[in-house]
Amino acid sequence: MSTVTIIYAVLFYVATVVLVGGLAYKVYVFACTPAPLKIPTTPAPVTRLGVVGRMLREVTVFESLFKSNKWIWLFGILFHFALLLVLLQHLRYFTQPVWSWVVLEQPFGIYAGFIMVVGLLGLWGRRFVVDRVRYISNLSDHLMLALLVAIALSGLMMKFVFHTNIIGLKEFFLGLLSFNPQPLPADPVLLVHLALVATLMIVFPMSKLLHAPGVFFSPTRNQVDNPREQRHVAGWSASIHNPGGR
Amino acid sequence: MANFETPALREYPVIPLVHAGTMAHSKPFVAKPDLQKALGFPGELPENWEKQAVKKLGELVDESRALRVFLDSCVKCGACTDKCHYYLGTSDPKNMPVARQDLLRSVYRRYYTLSGRLFPKLVGARDMTKEVLDEWYSYFHQCSQCRRCSVFCPYGIDTAEISMAAREIMDSISVGQKYCNEIIGKVFSIGNNLGLPEPALRNTLDGLEEDVKDETGVDVKFPLDEKGAEVLVITPSADFFAEPHIDGLIGYAKVFHQAGIRWTLSSHASEAANFSMFIGSHENLHKVAFRIREAALDLGVKRIVVGECGHAWRVAYSFWNTLIGPFDFLDPRYPVPQHICEFTYDLIQRGALNLDKSANDDKVVTYHDSCNVARASRMGTMPGGQFIIPRAVIRASVNKFHDMEPGSIHESTFCCGGGGGLLTDDLMELRVKGAQPRMQALKHVVEDHGVNYLAAICAICKTQFAKVLPYYQFPMDMIGSVHGLVSKAIQLGTKE
Ligand code: SF4
Ligand code: SF4
């Protein structure tokens, strides 16, 4: 087996462990940290079901962002939904036989790649053009966008310019899944694409990409507005015991 | 009037360009050591204060999911950058919510995240230094904790939580703000923010009884410490003290009078305000709130009603049950606590009040949604009742009412500019500039509809507006209580 194959096999095992382990750890920490007071941003739903609805609207149509800024909303939604389609399309490299709905989704997934780039460039452009956003951008914010754009462009390049050995690639990943590594086609664009993806997986749990699990734990969005009806205690507030009631 | 320029009011809202450092000089007076010690904070900066501050930050993050999620999740999308009235009024970029959060986040990243430990420059992580502390002191006292940013952030990141934590960290190393901490001290030593002792309070209330009698010929009571009353009213002490607050108190008294419900104030808990929230101190938050439980038990009341006060309503509505509940000793048929507007609204619904709107025909009214009522609490049973109920009370009392423009009311309301413990003369420039977005929306209804009365249900808003309205060429007595309108409209002697 070639050195390249070994390096990439190890890289993807490590990246997967970091991504899954890191995210699981972060989610665990979020879940274990108490929310001692009721702080939903009101008006807020007064039932659990209502909160589920609010959360669904936040993560599917980016409700608050829509209220806030139509440009960020537009580029944000283009990028995120295109990314979703692209990820689904990539399932074909990990499944044998390929699930039929993935086959149907295939054409959308391919063109979504372009939309993803449009969304990303829109978001990136704002970091240069809008002085307020320029002010708050750190180097890491630019690098993150550069990473995503590079992933998208290298992927599109393989689809439309330098076709890569898809069969070999799929064998490599199926091999990884069954812990029986197969040779990876040593195509430079593919190697770049894969290295960037692995990088993204590794930085995910230690970067602002934590907004993905974070949004579900945000007390201003996930709390029910019922403090009068139901006494809420957690963390330090759970140790309050008031004398003198009935 | 002062050595700064009052911002211009425009036809349309304009998002200013960034002007770095325009408010870097703004700092409130620092609390003296004895003031700090009275609240359980150290009096002097400890020698290893940097370490202690970082440690405190870690503890706060461990005990607050909000803080942890907010510090980890911001993507610097910029959606909040034009939402803060202090940014809009000052154009200082550190008053953009995300930039304000970053003052604390940079330190969190440096000490509590891998990327910040390894690559501080890359992710904007900073060591805890004197410069950082000074910046915190300045800019975390330029946040009124109004939560407007949290409405618009895709993850609900609430800068108020961050600035509360920052103030708590600063207090833990002795660096406190004089205005807030002096007031909390007064609540402990005397019983209310204004430092009004019991005899003076009784005097004031007796005086009010006489005034109302002179004006209306009716014996409206202002009871204090009356055991066995049905309702305990907890109201900001400003209501005992000055215009336009006091008109509100007179309004409450008349409502109780006409409804025939026995009520009382308490000298032990003669203050609804709880400034401990502003400084993020939950020990003090609990301690200040606890007086109210004691008063309710001691007086044997069945219900608690809270007067017109914004942050006090947040503490009462959202936190009381947690802090000083359960309220199993009160009448379960009523919500605990109840807002005075909910109380009056229910009476109006039941036809228990006789209100003559034409008594207010000299007024064209608009209503300012106070931040803490709008974005941190509720009234009634449906979401958004906090917008509907006060307006319904106003409309029942006046003929002419006009709302300000949609982006400046309800959950998008602009802060008065003086909330969050910033209502002090040493922050006058900030207060005036921060009021600009609200004043601009007000100007439009003044010009279009001839509005001459700005109604509010918050003691801080009322005080702040009385002070800043003249800077924008509005008369200072334009600001008034919602229950001041009720007070005028109510026809005493027709129902009781
Ligand atoms: S809107 Fe929220 S996520 Fe976006 S920059 Fe502001 S705080 Fe960060
Ligand atoms: S809470 Fe209000 S004052 Fe503070 S940053 Fe957000 S918008 Fe500005």
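Summary of values
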| read-out | value |
| --- | --- |
| Unit charges on C-beta of K, R, D, E only; dipole of chain B, Debye | 1420 |
| Long-range amide H partners of B:Ile479 with built H, under 5 Å | B:Leu454 |
| Whole-number percent relative contact order across the range B:33-176, with pairs defined as alpha carbons under 8 Å at least 6 apart | 32 |
| Coil-residue chymotrypsin sites (Phe, Trp or Tyr not before Pro) of the range A:156-240, DSSP, other Cβ within 10 Å capped at 16 | A:Phe162, A:Phe179 |
| 10 Å Cβ neighbours from other chains, averaged over peptide B:397-407 | 0 |
| Cβ charges +1 (Lys, Arg) and -1 (Asp, Glu), total dipole of chain A, debye | 860 |
| Value of relative contact order over the range B:155-270, rounded to a whole percent, pairs C-alpha under 8 Å and six or more apart | 25 |
| The range A:158-246, dipole about Cα centre (Lys/Arg Cβ +1, Asp/Glu Cβ -1), debye to the nearest 20 | 420 |
| For the range B:147-215: rounded, prolate or oblate by the Cα gyration tensor [a/c cutoff 1.5] | oblate |
| Helix A:139-160 axis, angle to chain A major axis (alpha carbon atoms, nearest 10°) | 40 |
| Top positive-direction residue, dipole computed over the protein assembly as shown with Cβ charges, set A:Leu104, A:Trp236, B:Met23 | A:Leu104 |
| Sum of -39500 (n - 2.57) over DSSP H runs of 4+, divided by residues of chain B (222 nm, nearest 500) | -14000 deg cm²/dmol |
| Unit charges at the beta carbon, dipole of the protein assembly as shown: most positive-side option, B:Val175, B:Leu224, A:Ala31 | A:Ala31 |
| Hits among lysines - C-alpha to C-alpha of B:Lys227 under 22 Å, sequence gap 8 or more where chains match | B:Lys254, B:Lys302 |
| Of the trypsin sites (Lys or Arg not before Pro) in the range A:103-179, those whose Cβ has at most 10 other Cβ within 10 Å and which sit in DSSP loop | none |
| Mean separation of Cα contacts under 8 Å (6+ apart) over length of chain A, as relative contact order % | 37 |
| Reachable aspartates and glutamates from B:Lys221, criterion Cα separation under 12 angstrom, eight or more residues apart if same chain | B:Asp206, B:Glu209, B:Glu210, B:Asp211 |
| Three semi-axes of the equivalent ellipsoid, chain B, Cα gyration tensor, whole Å, largest first | 38, 26, 19 |
| Given charges at Cβ of Lys, Arg, Asp, Glu: the range A:120-246 dipole, positive-most of A:Leu191, A:Thr220, A:Ile136 | A:Thr220 |
| Inverse mean reciprocal Cα-Cα distance (Kirkwood Rh) of the range B:93-168, Å | 12.7 |
| Interface burial for A against B (accessible surface, 1.4 Å probe, total of both chains, Å², rounded to 100) | 5900 |
| No Cys partner within the rule (Cβ under 4.7 Å), the protein assembly as shown | A:Cys32, B:Cys74, B:Cys77, B:Cys84, B:Cys143, B:Cys153, B:Cys180, B:Cys309, B:Cys341 |
| At R0 = 41 Å, FRET efficiency that the Cβ-Cβ distance of B:Asp356 and A:Arg231 yields, to 0.05 | 0.50 |
| Two-decimal Rg/Rh across the protein assembly as shown, once Rg and the Kirkwood Rh are taken from alpha-carbon atoms | 1.03 |
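The values are calculated or read from the model by the stated rules, or taken from the named source; none is laboratory data. Please read these numbers as outputs of a predicted model, since none were measured by experiment. Note that each Cβ is placed from the backbone with ideal geometry, even for glycine, and that neighbours are counted across all protein chains shown. When the accessible area is computed, the model is the full protein with side chains, heavy atoms only, and any ligands, DNA or RNA have been set aside. Shrake-Rupley method; radii C 1.70, N 1.55, O 1.52, S 1.80 Å.
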